[in-house]
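One structure is given below, encoded as structure tokens.
Please treat every number below as a calculation from the coordinates, not as lab data. If you're wondering where the values come from, they're calculated on a predicted model, not measured in any experiment. Quick reminder, even Gly has a Cβ in these numbers, built from the backbone with ideal geometry, and neighbours come from all protein chains shown.
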């Protein structure tokens, strides 16, 4: 079982990975419609991160950063994959893969959560729904 601090940290890490991934991939995006969608998604990740961060600070806790090795691997992988093909379809595919990993990780954390704070649980559930909406939105660019 994990407690509310652990789940909030997981939310921060997940949102951070999504946010950083979009900031990296936006530089390689030439499709203006895709750029608009990614910019909006970036804002959603930031809002989620800020909300979880605030809830952690209310508990006198700090967020933890996503694993530096995972961040580096994600950066290298997306750079390599878009070097040969930076089409909207390829970028959407990468974003779908990232969001799917986020859904999986957050769902696991939520299943391990001790349900001690319903607001924390709701934030995690909302984040999972946002990730799924992001996947559905990216499918339009495949």
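Based on every Cα atom in the stretch 8-67, Rg and the maximum pairwise Cα distance Dmax equal 13.0, 43 Å. When peptides 15-25, 45-55, 102-112 are sorted by average Cβ neighbour count within 10 Å, with the highest value leading, the order is 15-25, 45-55, 102-112. With each label modelled as a point 7 angstrom along the Cα→C-beta vector, the residue 111-residue 47 pair spans 2.9 nm. For the chain, the longest principal axis of the C-alpha atoms and the axis of helix 118-139 are separated by about 10°. Cα axis of helix 32-58 to longest principal axis of the chain: angle in degrees, 0 to 90, nearest 10? In the chain, helix 32-58 runs at an angle near 20 degrees to the longest axis. Rounding to the nearest 10 and keeping the result within 0 to 90°, find how far the Cα-based axis of helix 4-26 lies from the longest principal axis of the chain. In the chain, helix 4-26 runs at an angle near 10 degrees to the longest axis.
Kindly list the residues of the stretch 28-55 that lie in the label zone of residue 83, defined by a backbone N under 20 Å from the point 7 Å along the Cα-to-C-beta vector. Within reach of a label on residue 83: 28-30. What is the diffusion coefficient of the chain in µm²/s, taking the Kirkwood radius over Cα pairs and the Stokes-Einstein relation at 4 °C with a viscosity of 1.567 mPa s? Diffusion coefficient, whole number: 84 µm²/s. With a simple spin-label model that places each label point 7 Å from the Cα along the Cα-to-Cβ direction, the separation between residue 26 and residue 69 comes to 3.0 nm.
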